[in-house]
Every structure is written in structure tokens, then in C-alpha cells.
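Following: one structure in C-alpha cells, then a few remarks.
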Amino acid sequence: MTPGMLKMYISFFGIGFMFLSVVLIYLSRYKLKGIFKMITAVIAYILMILAGLIIFFVVFSGPVAD
């Protein structure tokens, strides 16, 4: 697997984490109550932070040499 393809798949994981965190934040704010609300919110914010770090890595690692 080339480094460019690897960066593409890593960025897909970042995008997936962002989408999943948006869904979990929606669930925790509007659909869940009690301890489940807190657990899903914590998981969602952890995923959002991980997604930000992944995208930061992909963007600032620069282009891949041929």
C-alpha cells in the first residue's frame, strides 16, 4: 500500500469519527437521559478530538512523494 493510499484511509477514519460523534452528540442531547446521556456525550467528544487530531496529521504532514 502506498503512503498516499494509507493517508486516504486514515482520513476516512477521521471523517467517520466526526460523523459518529455528531450522531452521538445528537442522541445524548435529545434522546437519552441519565447516565447514558453522559456516557454517549463523553464518547462523542473523545471521538471528535481524535478526528481533529487525525485530520490535523493528514493535512499538515504534507504531500506524499511519488
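The values are calculated or read from the model by the stated rules, or taken from the named source; none is laboratory data. Given the structure is predicted, the values throughout are model-derived calculations rather than measurements. Ideal geometry is used to build each Cβ from the backbone, glycine not excepted, and the neighbour counts take in all protein chains shown.
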query: Looking at this structure, is residue 46 at pLDDT 95 or above and exposed (fewer than 14 other Cβ atoms within 10 Å of the Cβ)?
result: yes
- request: Could you grab the pairs with beta carbons closer than 9 Å, sequence gap of 6+ or different chains, first residue in the stretch 41-66 and closer than 25 Å to residue 5 by Cβ, second one of a type in the set (D, E, K, R)?
  value: 57/7; 58/7; 61/7; 64/7
- prompt: What pairs come up if the first residue lies in the stretch 5-30 and is without any contact (Cβ under 8 Å) to a residue 24 or more places away in the chain and surrounded by 13 or more Cβ atoms within 10 Å (Cβ to Cβ), the second is part of a helix (DSSP H, G or I) and among the basic types (Lys, Arg), and their beta carbons are under 9 Å apart, counting only those six or more places apart or on different chains?
  reply: 27/37; 28/37
